[in-house]
Structure formats: C-alpha cells, structure tokens
Amino acid sequence: MGKKVLIISSSPRKGGNSDILCDATLKGAIEAGHEAEKIFLRDKKINYCTGCRFCNTNDYTKCSQQDDINELMDKMENSDVIIFSTPIYFYSISGQMKTFIDRMCSRYTHLSNKEFYYIMTAADSSQSAIQFALGEFNGLMACLENPIEKGYLFAGGVWQKGEVESTRYIQQAYELGKNI
C-alpha cells in the first residue's frame, strides 16, 4: 500500500533548481504507487508568527491568524512522509521555509511518527554549505514526537535557474521519490 507523501517547496521562484528537484521526486513517488502532492509555499499566504500563544491555550489545534497555515498543517497531519525543499541562501534555509516552520508552532504536537526528507540546492558545492540548514531542520525535529529522518538530497554547484536539469541530481531526486 502506498504512502501519502507531501512535498513542500520553499523556493521563491517557480522552476528554480530546488523546485525542479521537487517535481522529479513527485514523479518518482507517484510512479512508485504513492499518493503524492507538492505544495509551493510561494502560492500560499503564510504570515509571521506573532507569539500570541493562542495555539498554546487551545491545545495546539489552531492558530489565531486567518491565512493558509491550517490548510497546510491539515495536509501535514494527514501525510506519512513530508519532504521539505529549500534553496540555500547564505548557508541556511530560505526565509519562506523558516516562516513556515515558525508557524508550525500552532500544531506541531500533531506531527508524530512522520518520515522526513530534505531537498536542498546551493551554488556552493561543498557539503559544509548545508550545515546550518540541517541545523534548522534538526531544531524542528527535536520538537516533534518520534520523527523519522530518512535522509536528504543535496544538489550543490547549481545557481542559475534550471541549471540542475543537466546534472545527476534529477535522477537522484526521482530515485528519492521512487524509494520512499
């Protein structure tokens, strides 16, 4: 039986390198028989967390803000596998991904026993380029109940939009989706 896979792309540009890898991962997951969906954060309205603690006083079931976070949290709660994708900017995750993670505060306690993967792209090709990004994801994982980190794909040495298409990373992304 297939799994429910949710890919969350935080690239600020459609057709950017990390977004292209999301599409290849999506294709692999669907071909493997999984139910898979890609969410493009750029298309969603996600405000900054205001620290109002409304979620804390409501058993972490909802947020006081009226934006797209509750829809996204519903999708995450109903998924078996969550894939976070981000371009690396100044050696960390994108601002869109950070804002999204901060807003997960409203219902993070509902994300138990999920499998997680990360897709990251960077102009810098050294493994050290993703050190701080992995730290951001590790911080989130430390707050979840029994997260299952399955791995990551790092596509280094790609900067210009679409540059990743002529690399081995496309096949690796496809295989990531296929092997979930």
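Look at region 76-101 and say how many of its residues are more than 12 Å from SER9 (Cα to Cα) and outside any helix (DSSP H, G or I).
The number of residues fulfilling the criteria is 9.
Take the residues in region 143-174 that are under 16 Å from the mean Cα position of the chain (by Cα) and among the small types (Gly, Ala, Ser); name whichever of them is surrounded by the most Cβ atoms within 10 Å (Cβ to Cβ).
ALA173
For region 12-24, name all the residues that are buried (at least 16 other Cβ atoms within 10 Å of the Cβ) and among the charged types (D, E, K, R).
ASP19, ASP23
So which residues in region 1-24 are under 20 Å from ILE93 (Cβ atoms), assigned to a strand (DSSP E or B) and out of contact with any helix residue (DSSP H, G or I) (no Cβ under 6 Å at 6 or more places or on another chain), if there are any at all?
Selection gives ILE8 alone.
Quick one: which of SER125, SER94 is under 20 Å from ILE7 (Cβ atoms), at pLDDT 95 or above and small (Gly, Ala, Ser)? Working first, answer last.
Numbers: SER125 fails: under 20 Å from ILE7 (Cβ atoms).
Going through SER125, SER94 in turn, the sole match is SER94.
Select from region 139-180 the residues that are assigned to a loop (DSSP other than H, G, I, E, B), under 24 Å from LYS98 (Cβ atoms) and charged (D, E, K, R) and list them in ascending order.
GLU145, LYS161
What number of residues in region 61-91 are within 21 Å of the chain's Cα centre (by Cα), surrounded by 15 or more Cβ atoms within 10 Å (Cβ to Cβ) and more than 30 Å from LEU21 (Cα to Cα)?
1
Report the residue count in region 25-56 for those that are touching a Leu at 6+ places or on another chain (Cβ under 8 Å) and either surrounded by fewer than 16 Cβ atoms within 10 Å (Cβ to Cβ) or assigned to a helix (DSSP H, G or I) (or both). Quick ask: steps written out before the conclusion?
At the first step, the residues of region 25-56 found to be touching a Leu at 6+ places or on another chain (Cβ under 8 Å) are 25, 28, 36-39, 44, 46.
Imposing the further condition that a residue be either surrounded by fewer than 16 Cβ atoms within 10 Å (Cβ to Cβ) or assigned to a helix (DSSP H, G or I) (or both) reduces the set to 25, 28, 37, 44.
Result for region 25-56: 4.
With the checklist (1) at pLDDT below 95; (2) not in a helix (DSSP H, G or I) in hand, flag the one item MET104 doesn't pass.
Result: MET104 fails condition (2) only.
The values are calculated or read from the model by the stated rules, or taken from the named source; none is laboratory data. Keep in mind that this is a model prediction, so the values were computed, not measured. Quick reminder, even Gly has a Cβ in these numbers, built from the backbone with ideal geometry, and neighbours come from all protein chains shown.
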